[in-house]
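Read the structure below first, then the notes.
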Amino acid sequence: MARAPSSILIFLRQNPRARQNPNTQIRYHTTETKECDFTEVAQHICKIIRTKPRWEQTLPSEYPSFNFSDPQFFTELLKLQKNVLLSLRFFFWLSSHNGLSPDPISCKALFSALVEAKACNAAKSFLEHTSFSPEPASLESYIQCLCEGGCIQDAIDVFYRLKEAGVCPAIMTWNAALSGCLKVGRTDFVWKLYQEMIECGVVADVDVETVGYLIQAFCADNRVSEGYELLRQVLVNGLVPENAVFNKLISGFCKEKQYTRVSELLHTMIAKNRAPDNYTYQEVINWLCKKGKGLEGLRVFNDLKDRGYAPDIAMYTTMIHGLCTMGWLGEARKLWFEMIEKGYHPNEYTYNTMIHGFCKIGNFEKAKILYKEMCNKGHKETTVSYNAMMTGLCLHERTDEAYGLFQEMHQKGIVRDLITYNTVIQGFCKEGKIVESMNLFRELLAQGLQPSTYSYTPLIQKLCQVGAVQEAKGLWNDMKNLGLEPIVGTHDYIIIGLCDQGDAAEGMEWFIEMLNSKLKPKQETLGRLVECLTQRDRLDDSLLVLEFMFRTGYALEKGICHSLVNKLCWEDNHFVETCLGEILEGK
DNA sequence: CTAGGGTTAG
């Protein structure tokens, strides 16, 4: 079989015994002497791997016998080749085609380059495919790289690797890791790492950045007061965290409606030269609106403008959203135009917010006009934009239309997420179309989506209402098994469903269960339960429930009261007296 | 040089 000379040489390199042939040996030596100018060759290789997508096939013929295995060569290539992923590909090619085991110098250079380029997945796969073991300093940079790329679990593994080697990373590395944990919402890892910091003694080096992350972790865990306490301590020591830290505390306290603390923090910021920024105020406005103080939010917004702050597009969107949530579409629309006048063009967020606002009040004509405008401006239709329209339709008993959009999404290849499914499931349930709802629910599961409490809630509610309590209880168990916590109201529906079936005993069990979980059933639920218990002559239980009702300040409907008193009269007059006395007291 | 932050179910 005829072979091109170059392939023969490659063949020879991979089969050392063939080199014994004197003819080929001469050639081998001549080419080897030519190889000294690494830079020149590296430059050429660089160009080839950058410009030729299929260089793996052509490279052997271009450099039939170059000694690529020299670490000097690869280091040179790395310097020249800015795209580190291309170098990585070349590296793997070298080791698989030249049959060489990677040398530590090249490995180290390549690994550092990958880490520096923040190519954390590439760095990970590099370590997996070679037996290379980086030095501690290299691993520290690797940790930072992993954290920035969101691979927290991998980063923590490297921490333990260093710990086993008896190395305690520098504070910078810990900070990077803490920051990474916060970004992916893993406060559990923050506290775990902090524990490690204490153990290895690095805690003495803790700086204002570390403290900032700990405060933010407290806030994320809804332990805002503890975060605030920590802030006060560091302020005493003259350390002032970044705005982001103050902002997290402020939104935390806004969430808890602790406006005194919010105001304290704003004053501290000004006193410590950390002037509250757009973002600070945006959070304040956002939470005021969410907590039903939209008017206050609007006042803050207007004050800011009066004082010369220039709200940016995100701030406008927040305010418009707040106004839409309260149903103040007129005010929202006014801000919309004001924003445009100031030169901010509505973006995807602004459009979706406004569209949702119109949908919510049932003004689908306006919503559709905006929707078209949004598309004409080059914004793509998204899961969010579809969800907004569908939410509005379902809210106004137009679930069939919403379902039309649901199918349209599929045709257009727009991803349907959990919110999409939950919205339509709820819509169908509200209209009593339980079969359609269940089908959608099954489809949700089949799509591999993780259902939420609110996927189950409307289904359980409706099933109870149509008398299918057994099926409802089945779903309840599925939900619990997934670790999802039902909302309070769901208990109520099951109790009422059980009572409707005349199953007073189990209704009573669910009531006790609620008490044990410190949950408060609704007045209507308990009235229904008393009625059912009375009908079944479970008068002791009736009185037990009644007692709870009175303690809670609930009243019992007249009719139910009558039948209970009637039953009691048959049994024991003394009870009736006490009962009546208490009822009168209760009212 | 300027990120972060803002939109959809309940």
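The values are calculated or read from the model by the stated rules, or taken from the named source; none is laboratory data. Owing to the predicted nature of the structure, the values given are computational and were not obtained by experimental measurement. Positions of Cβ are backbone-derived with ideal geometry, glycine not excepted, and every protein chain shown enters the neighbour counts. Side chains are part of the model used for accessible areas, which takes the heavy atoms of the whole protein and leaves out ligands, DNA and RNA. Shrake-Rupley method; radii C 1.70, N 1.55, O 1.52, S 1.80 Å.
Report, to the nearest whole %, how much of the accessible area of chain A belongs to carbon and sulfur atoms, 1.4 Å probe, protein only. Kindly include the intermediate steps, with their values, before the conclusion.
Values: 15850 of 30120 Å².
About 53 percent, which is the carbon plus sulfur part of the accessible surface.
Compute the orientation-averaged projected area for the range A:93-201 from the convex hull of its Cα atoms and round it to one decimal in nm².
Average projection, Cα convex hull of the range A:93-201: 6.7 nm².
Which three lengths, in whole Å and largest first, does chain A cover when its Cα atoms are put on their principal axes?
That works out to 121, 65, 58 Å along the principal axes.
What is the set of long-range amide H partners of residue A:240 at a cut-off below 5 Å, with H atoms built 1.01 Å from backbone N?
none
Under a Cβ-only charge scheme (Lys and Arg +1, Asp and Glu -1), can you give me the dipole magnitude of chain A about the Cα centre, in debye to the nearest 20?
Working: 63 positive and 71 negative charges, 454 e Å.
Magnitude of the dipole: close to 2180 debye.
Sequence neighbours fewer than 8 away in the same chain don't count; with that in mind, list the lysines whose C-alpha is under 17 Å from residue A:377.
Those lysines meeting the cut-off are A:366, A:368.
Helix A:84-97 sits at what angle to the longest principal axis of chain A, using alpha carbons and giving 0 to 90 degrees rounded to 10?
60 degrees
Taking only C-alpha pairs under 8 Å that are 6+ residues apart, what is the relative contact order of chain A in percent? Don't skip to the end; give the middle numbers.
Numbers: 610 pairs, mean separation 24.9, N = 587.
Dividing the mean separation by the residue count of chain A yields 4 percent.
Run the quick spin-label model on residue A:275 and residue A:488: label points 7 Å from Cα toward the beta carbon, then report their separation in nm to one decimal.
Here the answer is 4.5 nm between the modelled labels.
Give A:82/A:118; A:47/A:108; A:255/A:360 a once-over and call out the pairs whose C-alpha atoms are over 18 Å from each other.
Working: A:82/A:118 13 Å; A:47/A:108 23 Å; A:255/A:360 24 Å.
The pairs that break the limit, which is 18 Å between Cα atoms, are A:47/A:108; A:255/A:360.
Specify the inter-centroid distance of the range A:499-560 and the range A:140-180, based on alpha-carbon positions, in whole Å.
When both Cα centres are located, 56 Å separates them.
Relative to the longest principal axis of chain A, what angle (0 to 90°, nearest 10) does the C-alpha long axis of helix A:434-446 take?
20 degrees
Once the Cβ-Cβ distance between residue A:203 and residue A:313 is put in as r, and R0 is 60 Å, what FRET efficiency do you end up with, to the nearest 0.05? Don't skip to the answer; put the middle values down first.
Values: r = 42 Å, r/R0 = 0.70.
Efficiency, rounded to the nearest 0.05: 0.90.
Quick one: which of A:163/A:248; A:522/A:558; A:272/A:305 span more than 21 angstrom between C-alpha atoms?
A:163/A:248; A:272/A:305
Okay, helix-only estimate at 222 nm for chain A: each DSSP H run of n ≥ 4 adds -39500 (n - 2.57), divide by all residues, round to 500 deg cm²/dmol; what do you get?
On the way: 34 runs with 434 residues, N = 587.
Value at 222 nm, helices only, nearest 500: -23500 deg cm²/dmol.
Taking GluC sites (Glu not before Pro) as exposed when DSSP calls them loop (any state but H, G, I, E, B) and at most 16 other Cβ atoms lie within 10 Å, what is the longest stretch of chain A free of them, the sites themselves excluded?
Values: sites that count: A:242, A:256, A:381, A:397, A:431, A:557.
Answer - A:1-241.
Any chance you could give the angle, 0 to 90 degrees and rounded to 10, that helix A:38-51 forms with the longest Cα principal axis of chain A?
40 degrees
Using the heavy atoms of the protein chains and a 1.4 angstrom probe, tell me the accessible area per residue for chain A in square angstrom.
Values: 30120 Å² over 587 residues.
Per-residue accessible area for chain A comes out at 51 Å².
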